[in-house]
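Worksheet for the structure shown next.
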Amino acid sequence: MKLKYVSLNDRLYRYVCACRSHPEDPLLEALRRDTEALGDVSQMQISREQGSFMTLLIAAIAAESAIEVGTFTGYSSICIARGLSPRGRLLCLDASTEWTTIARRYWAQAGVANRIELRLGDAISTLKKLPRPASFDFAFIDAAKEEYEDYYELILPRVRRNGLILFDNMLWGGRLGGGRPTQTSGRAIDKLNRKLAQDDRVECVLLPIADGLQLCRKL
């Protein structure tokens, strides 16, 4: 049977981005421009359709509490905060004051600053220090690829049943599936993808959105 998928090109990708709710968000577009001005590091920014998908997903599960590991300049955190219920809260973990200063500015402009708490520092150490009652409906992981599995094991016990964990960059630039990766980050992503598929604590699906989103539901 023929494999069922569509290869994207620039024309089709622009069509995908256009065919979503609120495709032209002035604030998010301004944030993208400010991020692009940072140079090559701007490639860490999530894609437009990924942001829309996250907002829709969070609203669909009526999430009230969320955690993000890897905030960068704030695009993903705005998308998460917008999807939360009116009393929802988002905890953001990041190591960069420079990048999160941009995020704070745009959180204020987006009117979501009062929903977001930022903790600067090493993510693994911060996760280990979270108080026992802390729990989440949704988690987004987009930081050091070599540490993804550590983030997962620290966050999973705090996610409620039927809560969601979303990992970014799980296709590693399209370089997976053709043998064992040679780079440490690629090996870490490949190992985690295979682990999640066999993990009886979650149900997961790897989606070819942006650079690959691994979506997990806690059982």
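The values are calculated or read from the model by the stated rules, or taken from the named source; none is laboratory data. Please read these numbers as outputs of a predicted model, since none were measured by experiment. For neighbour counting, all protein chains shown are included, and Cβ atoms are generated from backbone atoms with ideal geometry for every residue, glycine included. When the accessible area is computed, the model is the full protein with side chains, heavy atoms only, and any ligands, DNA or RNA have been set aside. Shrake-Rupley method; radii C 1.70, N 1.55, O 1.52, S 1.80 Å.
Output yes when any residue across the range 88-101 is part of a loop (DSSP other than H, G, I, E, B), open to solvent by 60 Å² or more (accessible area, probe 1.4 Å) and under 29 Å from Glu146 (Cα atoms), and no when none is. So that I can check it myself, show each step before the final result.
Initially, the range 88-101 is screened for residues part of a loop (DSSP other than H, G, I, E, B), giving 88, 95-96.
Adding the requirement that they be open to solvent by 60 Å² or more (accessible area, probe 1.4 Å) leaves 95.
Still in the running and under 29 Å from Glu146 (Cα atoms): 95.
Yes, because at least one residue in the range 88-101 is part of a loop (DSSP other than H, G, I, E, B), open to solvent by 60 Å² or more (accessible area, probe 1.4 Å) and under 29 Å from Glu146 (Cα atoms).
I'd like to verify a number: residues in the range 182-199 that are assigned to a helix (DSSP H, G or I) and without any contact (Cβ under 8 Å) to a residue 12 or more places away in the chain, how many? Talk me through it step by step, then tell me what you get.
Of all residues in the range 182-199, those assigned to a helix (DSSP H, G or I) come to 184-198.
Now narrow it down to the ones that are without any contact (Cβ under 8 Å) to a residue 12 or more places away in the chain: 187, 194, 197-198.
So the count comes out to 4.
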Practice problem: Within the range 200-219, track down each residue that is open to solvent by 20 Å² or more (accessible area, probe 1.4 Å), outside any strand (DSSP E or B) and not aliphatic (A, V, I, L, M). | Solution: Asp200, Arg201, Pro208, Asp211
Quiz item: Taking the range 114-134, which residues are at pLDDT 95 or above, under 22 Å from Ile61 (Cα atoms) and open to solvent by 30 Å² or more (accessible area, probe 1.4 Å)?
Solution: Asn114, Arg115, Glu117
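Here is a check on your reading of the model: is Glu64 in contact with a Cys (Cβ under 7 Å, 6 or more places away or on another chain) and either buried (at least 23 other Cβ atoms within 10 Å of the Cβ) or not polar (S, T, N, Q) (or both)?
On the way: in contact with a Cys (Cβ under 7 Å, 6 or more places away or on another chain): no; either buried (at least 23 other Cβ atoms within 10 Å of the Cβ) or not polar (S, T, N, Q) (or both): yes.
When the stated conditions are applied, Glu64 does not pass them.
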Quiz prompt | Residues that are in contact (Cβ under 8 Å) with a residue 40 or more places away in the chain, more than 18 Å from Trp107 (Cβ to Cβ) and in contact with a helix residue (DSSP H, G or I) (Cβ under 6 Å, 6 or more places away or on another chain), drawn from the range 41-52 | solution = Glu49
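What residue, of Ala81, Ala110, Ala62, is closer than 30 Å to Arg161 by Cα and either among the polar types (S, T, N, Q) or touching a helix residue (DSSP H, G or I) at 6+ places or on another chain (Cβ under 8 Å) (or both)? Before the answer, list the steps.
On the way: Ala110 fails: closer than 30 Å to Arg161 by Cα; Ala62 fails: either among the polar types (S, T, N, Q) or touching a helix residue (DSSP H, G or I) at 6+ places or on another chain (Cβ under 8 Å) (or both).
On inspection, the qualifying residue turns out to be Ala81.
Which is within 16 Å of Tyr75 (Cα to Cα) and either free of Cβ contacts under 8 Å to residues at least 24 places away in the same chain or open to solvent by 50 Å² or more (accessible area, probe 1.4 Å) (or both), of Leu3, Leu31, Leu38, Leu27? If you could, list the steps in order and put the result at the bottom.
Working: Leu3 fails: within 16 Å of Tyr75 (Cα to Cα); Leu31 fails: either free of Cβ contacts under 8 Å to residues at least 24 places away in the same chain or open to solvent by 50 Å² or more (accessible area, probe 1.4 Å) (or both); Leu27 fails: either free of Cβ contacts under 8 Å to residues at least 24 places away in the same chain or open to solvent by 50 Å² or more (accessible area, probe 1.4 Å) (or both).
None of the others qualify; the one that does is Leu38.
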Self-check item: Check on Arg175, touching a Gly at 6+ places or on another chain (Cβ under 7 Å), more than 16 Å from Ile141 (Cα to Cα) and open to solvent by 20 Å² or more (accessible area, probe 1.4 Å)
Solution: yes
Quiz item: In the range 6-24, what count of residues is obtained for those that are part of a helix (DSSP H, G or I) and open to solvent by 50 Å² or more (accessible area, probe 1.4 Å)?
Solution: 7
Self-check item: Any hit, the range 139-152, residues being farther than 30 Å from Pro86 by Cβ and more than 17 Å from the chain's Cα centre (by Cα)
Solution: no
